[in-house]
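The structure appears right after this line, and notes come after that.
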Amino acid sequence: MNQQKKSLLLVHIAVMGFGLSGLFGKLVAQPAIVISWGRVFCSSIFLFALFKFTKQPIKLRDRRDFLLMIGAGVILAIHWTTFMQSIQVSTVAVGTLTFSTYPLFVTFMEPYIYHERLKKSSIICAVIMLAGVMLIVPEFQMGNAMTRGVIWGMAGSLSYALLSLMNRSFSDRYTGPLVSLYEQGTAAVVLLPAVFFLCPVFTGWDITGLIILGVAFTAGAHSLFIEGLKHVKVQTAGIISGLESVYGILAAFFVLGEIPGLRELVGGAVILGVVFYSSYCSLRSQ
């Protein structure tokens, strides 16, 4: 398997983990910001222990990289909080599908930041994906739970677009787990004041759920995604991330009993089609 195919596989596995993580917004009975703190706290502790056990260095090359990763960690805290909030005020389907709008932001931001040519095909893919996402919204009214879920989801997609572009600059100098350690450790510190303010009471399941979410679906998935960016453009990874909604909807159906309507199914089909088309084009271009 060549590097391009391996990186694409890593991105797909990571996206599956991201999709399943949406379940915990419903399964853990805590506010979105507390769930987000719990996942990055457990994830950063696990990653730190892993580096210590394997005796791998965690020092960065220069102060500039350190400051950039701190900034990325702040954005990560915003992303996961808004993502979980979207799921809690609506459904897993709405939260994951609207998050999929992030390739639309990346499509126009990545060429500007990295001085690359903006491809017409990328624009078309992003617009088609956005159309698929919009199918799930019955009406745009703030009193509608679906509308609020879409707004929170798009806030999460914008923050994740920024984060992915920053991670692309890290991926050629640092491993995915090391980047994840700094970003998630920063996010844990940023979100900590909310825990003291809300004073949540954790049940045994809350703790177990947050550990699973933090270790498997955060530390593992986030590290794999960053590794995949070594040989996959952020635009392509962004399109592949549309599968997150498909995995999330299927998991919500089997675990939570959430049955998506016709609009969600049609929107998901549109997103899935764009995902496979983009992946195919990415492989052919290498």
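The values are calculated or read from the model by the stated rules, or taken from the named source; none is laboratory data. Predicted, not measured: the structure shown is a model, and the values here were computed from it. Glycine also receives a Cβ, built like all others from the backbone with ideal geometry; neighbour counts cover every protein chain displayed. Surface areas here come from the heavy atoms of the whole protein model, side chains and all, with no ligands, DNA or RNA. Shrake-Rupley method; radii C 1.70, N 1.55, O 1.52, S 1.80 Å.
Observations, loosely collected:
- Extension gain for Leu256 to Leu272 (0.36 nm times residue separation, less C-alpha to C-alpha distance): 3.5 nm.
- Residues Lys230 and Lys55, FRET efficiency given R0 of 22 Å [Cβ-Cβ distance, rounded to 0.05]: 0.40
- Protein accessible area in the range 174-260, 1.4 Å probe - carbon and sulfur %: 79
- Accessible area of the range 28-70 belonging to carbon and sulfur atoms, whole % at 1.4 Å probe: 69
- Accessible area (Å², per residue) of the chain, counting only protein heavy atoms and a probe of 1.4 Å: 45
- Gain on full extension, evaluated as 0.36 nm per residue between Asp62 and Ala216 minus their Cα-Cα distance, stands at 52.5 nm.
- Multiplying the residue separation of Val127 and Asn2 by 0.36 nm and subtracting their alpha-carbon distance yields 41.9 nm.
- Span-rule helices in the chain, defined as complete DSSP H runs reaching 18 Å or more along the axis (Cα) with Kyte mean at least 1.0: 32-54, 120-134, 176-198, 262-284
- Relative contact order, whole percent, for the chain stands at 39, derived from Cα pairs under 8 Å and 6 or more residues apart.
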